[in-house]
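Here's the structure, in structure tokens; my notes come after.
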Amino acid sequence: MKQHTIARETSISGIGLHTGRQVNMTFKPAPENHGFKFVRTDLEGQPVIPADVSQVISTNRGTTLSIGGDARVSTVEHTLAALVGLNLDNVLIEIDGPEAPIMDGSSKMMTDALSSAGFVEQDSERDYLEITETISFKDDLTGSELIALPSSKFELTALIDFHSPVLGQQFAALEDISGFKDDIGPARTFVFVHELEQLIHQGLIKGGDLDNAIVIADRVMGEVELESLAKRLDKPSIRVDREGFLNTTDLRFKNEPARHKLLDVIGDLALVGKHIKGKIVATKPGHASNVEFAKLLKGFGIEQRKLKGVPRYDVDAKPIMTIADIEAKLPHRHPFLLVDKIIEISDSHVVGVKNVTFTEEFFRGHFPGNPVMPVYFK
Amino acid sequence: MAQTGGLLALRNVPHGEQWDTFFLKIDNARFKQFVSPGDTLVIKMELISPIRRGIVHMQATAYVGNKIVSEAELTAQIVKRSSHGS
């Protein structure tokens, strides 16, 4: 698969969920191997903040990236999820404020804007992070657990359990990234009423509004309480529906909260820096656990890179050429036949195996007491 | 390494055993790790350029486990023995 970028620039504007500030975000085409990078155009020097796991400084209610000082951008997960979900590789994101806009609490506005810009295929091939063994992360305190398994494509399953009578347990699955735009992108973020009050108190939600988050009443709420909440959120009135969801917006999907958690996993795993070929199973994921997991995946990718090119020798596999086949092809004979079997061969390469044993002639003299294979025999 | 490479060069040649392989050049040879009894050497030879007029130009890498123990660029020539040879 080749790398992709957008065909032209496109912008969206909105309010940051925690800062309450109006911000403009412009997506621009970027060259090959550029990846996803944010630029704070409102700061002197226009600092560039790459979307990489090493740049994460906070995962408290959203993922924040920083390269130091004021050069930071928060709540990046929904934007990054949209970029990955649309199968893009290289995009520059200009932003004139410290927090990405929350829009409707989902990735929908981002995917709409990016789709309208059109996609362009670039010349270079995409370099995937291929999961070849099970990689897992577990946080015993929160119960968050993420597992990566080998797979030929990127697929995810998210399971949530909030021990609440309303939300209970839910799961969501994405079998192919092509389903992101319609099935995952529009899933909105959610919060419980008790958390909402705490967040307002901590000053962490200013722009927060009932239109960009699903609010769940996890307990019975009286008229007076609902009225006071309505006043604080500047709404004429608030009601709790049968299943315990506040406000007048209907759910977009029955398991919208689980789908949103899956969206967050995609957004946070974008920080690995490569598209992943693997199946991800996320149980009760949160930004903190997602980021720790992303670090593990990134480390695995680096190890994989180091081993690139090392031929895989499966001892149990039948050789392509045995010693008998080799003798038929080469004139060399003992004690000068130095290849035992051939395990790979094509028109441009060959891989042979030679077991080195103490009884080889040259060890007698090279050196007595310290058998080392002479280089010219290798 | 030379012998493994010889097998690649002689792959599509009929009666390969009638051909001899001679070294012409060895470049950039590095011997990085000792190889001792008990080691299994996995030797990978890759053609650097297509075989022309019997001249074979290959990159050789020898591994023990995941470590490179030696590497070199080998240039060899395959020559058919004359018909009255043995």
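No value in this document is a laboratory result; all are computed from the given coordinates. Being a predicted model, the structure only gives us computed values, none of them experimental. Neighbour counts are summed over all protein chains in view; Cβ atoms, including those assigned to glycine, are modelled from backbone coordinates with ideal geometry.
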Quick one: length gained pulling A:E121 to A:I57 fully straight, 0.36 nm per residue minus the C-alpha distance? 19.7 nm
Taking Cα pairs under 8 Å and at least six residues apart, what relative contact order does chain A come out at, in percent? 19 percent
Extension gain, B:I26 back to B:K67 (0.36 nm per residue minus Cα-Cα distance, nm): 12.6 nm
Could you put A:R126, B:R52 in order, starting from the residue whose Cβ has the fewest other Cβ atoms within 10 Å? B:R52, A:R126
Sort B:19-28, A:345-354 by the packing proxy (mean of other Cβ within 10 Å over each peptide's residues), most packed first. A:345-354, B:19-28
Evaluate E = 1/(1 + (r/R0)^6) for A:V372 and A:T322, where r is the Cβ-Cβ distance and R0 equals 30 Å; express this FRET efficiency to the nearest 0.05. 0.60
Pick from A:D112, A:D340, A:D140 the residue whose mean-square fluctuation is largest in a GNM of chain A, springs joining Cα atoms under 10 Å. A:D340
Please arrange A:L141, A:L271 by counting, for each residue, the other beta carbons lying within 10 Å of its beta carbon, fewest first. A:L141, A:L271
Placing +1 on each Lys and Arg Cβ and -1 on each Asp and Glu Cβ in the protein assembly as shown, then taking the dipole about the Cα centre, the residue among A:V56, B:S82, A:G168 whose Cα reaches farthest towards the positive end is B:S82
With Cα springs under 10 Å, the Gaussian network model of chain A assigns the largest mean-square fluctuation among A:V281, A:V48, A:V224 to A:V224
Could you calculate the FRET efficiency of A:K235 with A:K295 from 1/(1 + (r/R0)^6), where r is the beta carbon distance between them and R0 is 51 Å, rounded to 0.05? 0.80
When Cβ neighbours within 10 Å are restricted to other protein chains, what is their mean count per residue of peptide B:27-39? 4
Could you name the lysines in cross-link range of A:K341, using Cα to Cα under 27 Å and dropping any fewer than eight places away on the same chain? A:K306, A:K308, A:K318, A:K329, A:K354, A:K378, B:K25, B:K32, B:K44, B:K67, B:K80
Which angle from 0 to 90°, rounded to the nearest 10, does the C-alpha axis of helix A:287-306 make with the longest principal axis of chain A? 20 degrees
Dipole of the range A:268-367 (Lys/Arg Cβ +1, Asp/Glu Cβ -1, origin at the Cα centre): which of A:A270, A:L307, A:H349 lies farthest to the positive side? A:A270
Which of these, A:A217, A:A282, A:A328, has the largest mean-square fluctuation under a Gaussian network model of chain A (Cα springs below 10 Å)? A:A328
Can you tell me the FRET efficiency between A:K306 and B:T75 if r is taken as the Cβ-Cβ distance and R0 is 30 Å, rounded to the nearest 0.05? 0.55
In debye to the nearest 20, how big a dipole does chain A give about its Cα centre with +1 on each Lys and Arg Cβ and -1 on each Asp and Glu Cβ? 720 debye
Go through A:G185, A:V120, A:L86 and say which Cα lies farthest out towards the positive end of the charge dipole of the range A:58-187; charges sit on Cβ, +1 for Lys and Arg, -1 for Asp and Glu. A:G185
